[in-house]
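Worksheet: one structure, shown below.
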Amino acid sequence: MREVNLAEEPLLKKEDAEEQQQETIREMGLTVAEWAVRVTMCAVFFCGVAIIALISTQISRETLVWLLEHLRAYPLGLTGAFLLLFGGPFLVLVIFAIISLAMSSSRNKTKAIKKKVRGRSSLQNQPIVVEGLLGVMSAAELLWIAVFMAIFTWIVVNYMIRDFHAAETEPREDYETVWGRKVKLEGVRLGFIGIICLNLLFLPVSRGSVLFRSIDIPFEHATKYHVWLGHFVMILFTLHGLFFIIPWYFEGHLIARLLSWEPYEIANLPGVIALVAGIMMWVTSLGWVRQKFFELFFYTHQLYIVFMVFMALHVGDFIFSIAFVGFFLFVFDRFLRFCQSRSTVGVLSVKLLPCGTYELVLAKPQGLKYHALSFVFINVPGISSLQWHPFSVSSSPYDGDDRLKVLIKPYGEWTHQLQDAVSAAVTRGPCPFGQQVAVEGPYGHESDYFLQYETLLMVAGGIGVSPFVAIIRDLLQRYQRQQNHLPTDVTLIWAVKKSEELQLLDLVSPSSICPQYDLKFNLKVHTFVTQEAEPVPLESGPQTTDRQQCDMFKKSRILSSLYDFEASKRPMSILVGTSSNLWVGMGLIASMLGYWFLENLVVYSYEGFYHHSYNTLPLWARGLFDIMSIILGVVCFGGSVIALWSIWYQFSKQKTEGDSKSTQPLLDADEDITTVANECGDQLVHPSNTQFGHRPDLKELFEACAKRQRAGGNVGVLVCGPETLQTSVAENCRSFNTTYYNTYKVGFSYHSVSFDL
């Protein structure tokens, strides 16, 4: 027997070596292909930037005039030329972004995190500006803003030089003055630049945008770019309007000009309506208005429909085509979200904590993947059919492939009404949840980027601990599965107002998920109760024992409803922009082809029926047909692909259920409330790591973390909480990356996981 084993051993080793070699070759091939795609995307991007930057020069103007003259005779001549010139690079980027996402999804993620982040923080994770109107800005963001403003200044200066000369030398109307002509010409240029920026404005608010996903910028981060661009675009459009209103006033025909609606020229009245709608959205989106009157901000922002429709009527089809790609991708993303949100999602169970915070466990299809830092939008039609609220996922994908958890703290009217429904559900016990729930998402990062750090420093305020609950659960599950290359030093700094909020971490039972977890990695929790000077005693009497001190952190039982297995039959829809790159890509291509088909159908139908060129159709009508073609192309042609996607998924689901013998989902380790730690040793929060009456000294905690690291190390700093907390954490990251770096030789990479809408 021993001789046989010795003879077989080299063969087995040879087969293992060949398999490992094939896997290495595959990984190398994927790496080379990904780099090739990214280099191509960079080249296309810079080509698009060059086109925009050079459009104001004389050479580009002559080339553009020559191109338009040759394409004018063809159907969609001007529209096609502008779409190709300004939208072509973006469309190519979309195609390569889908390819990049497809290759990334096929890569083994556990091998992609072997190389840990070392040394100084990257430009993207290095805070430079921590206070100001634009909030926290990284070095990379500041660099991009500088480049953006340099290009804008270049374009404006070029236009001013040329336009001022033209206003002084070219003939003008009798009622026009030289300065009035100059002002109006600059108003035209600002409006033109504004439409180019409008193309960019819609990209960040496409929640499943393939462009941002390909560079791993999640929606919650991209929203601040939408805010920045929104302010810039509305400044341009407001100046555009004023640069016409002021000269018209002095020329004596202000009202007549504002109310004019010329069929074959720029229609002024639709532009006025669009500008008024835009200003209303702009004013109500200002920080202090949005925070105090969120519903006013939310409902007023739906005026974007009025804004875009009347913008198309104002400028016509060929100018509106400049903003085609951004608006097209937004419409497609909005349609996907509409399809996903039509289905009612089952609530498997709910938990109500004594502090008022509650947890929803939502049914999820097994094919829909998410990460520990993902988030979802939730709608409860019984409360409001229009309001969608974002919530961080508080569970790990390893907690169960058929569920997803969110923690919600009641703040406004909507969350308080949902709390009433949760309270009724835990009171009824075995009865199902009394409210219908719709879900969009999940959205978020394309990978668990926090795994690339050996040390994690997580800072939370209040309910901001929710995503870090997900990270702790995820790390415990991964260590239990004996995965490699995981963070070995994890610290949670959590500040709350009242000690009753500390019960949020009682939802995590570390030893139930990963026995002896403290021998596998270092998990430290520092909690701070800011508005209490000392623990609130259970009752007056003699000095409390250690057991009673532990009980002070659990003043009453967490209430939980029974598991509703019927709800598992109503999981979230698979139709979401982050679910299948293949189906999303086919839907985008079908929608684009549908738009092109409908545009040509309108052109040939008009010319065949009226025997006139399509260019004789009023400009505003061509703009209206253009925006209708975008919407119908997405709904009809893209919708047919989405329908096939849904049919394919249902077929695959039935086949999977037929092969599976399981009749009901399994509960995860900490699903039942009876498994929540009853001993002080298994609590993440206990008297020895809780301080009362003051806020955390972040500098001291950062310094303690830096001293534990080896020289050249890099700490992943994640923060979730109010804006003041984000500012403090960013300021400490900046200090330790600059002033104190020579002392500790440790970098701190800043990541905000807060959702500021």
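The values are calculated or read from the model by the stated rules, or taken from the named source; none is laboratory data. A quick note: this is a predicted structure, and the numbers were derived from the prediction, not measured. Positions of Cβ are generated from backbone atoms using ideal geometry, with glycine treated the same way; all protein chains shown enter the neighbour counts. Note: accessible area is taken over every heavy atom of the protein model, side chains too, but ligands, DNA and RNA are not part of it. Shrake-Rupley method; radii C 1.70, N 1.55, O 1.52, S 1.80 Å.
Just one of 572, 552 is more than 22 Å from residue 468 (Cβ to Cβ), modelled with pLDDT of 70 or more, in contact with a Pro (Cβ under 8 Å, 6 or more places away or on another chain) and buried (at least 17 other Cβ atoms within 10 Å of the Cβ); which is it? Sole residue among the options that is more than 22 Å from residue 468 (Cβ to Cβ), modelled with pLDDT of 70 or more, in contact with a Pro (Cβ under 8 Å, 6 or more places away or on another chain) and buried (at least 17 other Cβ atoms within 10 Å of the Cβ): 572. Does residue 403 qualify as being within 23 Å of the chain's Cα centre (by Cα), crowded, with 17+ Cβ neighbours inside 10 Å and charged (D, E, K, R)? Yes; evaluated as a whole, the condition is true for this residue.
The condition (being farther than 25 Å from residue 337 by Cβ, of a type in the set (A, V, I, L, M, F, W, C) and either under 40 Å from the mean Cα position of the chain (by Cα) or not in a helix (DSSP H, G or I) (or both)) is satisfied by just one residue among 597, 609, 637, 625: 625.
For (1) touching a Gly at 6+ places or on another chain (Cβ under 8 Å); (2) at pLDDT 90 or above; (3) open to solvent by 50 Å² or more (accessible area, probe 1.4 Å), each residue gets a yes or a no:
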{"residue": "249", "(1), (2), (3)": "no, yes, yes"}
{"residue": "252", "(1), (2), (3)": "no, no, yes"}
{"residue": "255", "(1), (2), (3)": "no, yes, yes"}
{"residue": "266", "(1), (2), (3)": "yes, no, yes"}
{"residue": "296", "(1), (2), (3)": "no, no, yes"}
{"residue": "299", "(1), (2), (3)": "no, no, yes"}
{"residue": "304", "(1), (2), (3)": "no, yes, yes"}
{"residue": "313", "(1), (2), (3)": "yes, yes, no"}
{"residue": "316", "(1), (2), (3)": "yes, no, no"}
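Every condition in (1) farther than 12 Å from residue 358 by Cα; (2) assigned to a strand (DSSP E or B); (3) among the hydrophobic types (A, V, I, L, M, F, W, C) is met by residue 386 except one, and the failing one is (2). All conditions but one from (1) assigned to a loop (DSSP other than H, G, I, E, B); (2) more than 24 Å from residue 499 (Cβ to Cβ) apply to residue 410; the one that does not is (2). Annotation for the range 193-203: no member residue is touching a Lys or Arg at 6+ places or on another chain (Cβ under 6 Å) and of a type outside the set (A, V, I, L, M).
Based on what the data block shows, is residue 369 of a type outside the set (S, T, N, Q) and assigned to a strand (DSSP E or B)? Spelling it out, it is not the case that residue 369 is of a type outside the set (S, T, N, Q) and assigned to a strand (DSSP E or B).
Taken as a whole, the condition of being over 17 Å from residue 186 (Cα atoms) and either open to solvent by 50 Å² or more (accessible area, probe 1.4 Å) or touching a residue at least 40 places away in the same chain (Cβ under 8 Å) (or both) applies to residue 218.
Taking the range 425-500 and the strands (runs of 3 or more DSSP E) fully enclosed by it, the elements with 1 or more residues that are within 29 Å of residue 729 (Cβ to Cβ) and of a type in the set (Phe, Trp, Tyr) are at 438-443, 489-496. Would the range 467-479 turn up any residue that is more than 30 Å from residue 723 (Cβ to Cβ) and out of contact with any Leu (no Cβ under 9 Å at 6 or more places or on another chain)? Yes - at least one qualifying residue is present in the range 467-479.
Taking the options 237, 232, name whichever one is in a helix (DSSP H, G or I), out of contact with any Cys (no Cβ under 8 Å at 6 or more places or on another chain) and modelled with pLDDT of 90 or more.
Selected residue: 237, the only one of 237, 232 that is in a helix (DSSP H, G or I), out of contact with any Cys (no Cβ under 8 Å at 6 or more places or on another chain) and modelled with pLDDT of 90 or more.
I'd like to check something: does the range 183-196 contain any residue that is of a type outside the set (Phe, Trp, Tyr), open to solvent by 40 Å² or more (accessible area, probe 1.4 Å) and either modelled with pLDDT under 90 or not in a helix (DSSP H, G or I) (or both)? Scanning the range 183-196, I find no residue that is of a type outside the set (Phe, Trp, Tyr), open to solvent by 40 Å² or more (accessible area, probe 1.4 Å) and either modelled with pLDDT under 90 or not in a helix (DSSP H, G or I) (or both), so the answer is no.
Can you pull out every residue in the range 683-733 that is of a type in the set (A, V, I, L, M) and without any contact (Cβ under 8 Å) to a residue 24 or more places away in the chain? Answer for the range 683-733, where residues must be of a type in the set (A, V, I, L, M) and without any contact (Cβ under 8 Å) to a residue 24 or more places away in the chain: just 704.
Within the range 270-294, restricting attention to residues that are in a helix (DSSP H, G or I) and of a type in the set (Phe, Trp, Tyr), the residue that is surrounded by the fewest Cβ atoms within 10 Å (Cβ to Cβ) is 288. Do we have residue 211 as under 24 Å from residue 321 (Cβ atoms) and at pLDDT below 90 here? Criteria met by residue 211.
One residue stands out in the range 699-721 among those that are open to solvent by 70 Å² or more (accessible area, probe 1.4 Å) and of a type outside the set (Gly, Ala, Ser): the one that is nearest to the chain's Cα centre (by Cα), namely 699. Taking the criterion of being at pLDDT 85 or above, assigned to a strand (DSSP E or B) and among the hydroxyl-bearing types (Ser, Thr, Tyr), the only residue of the range 345-366 that qualifies is 358.
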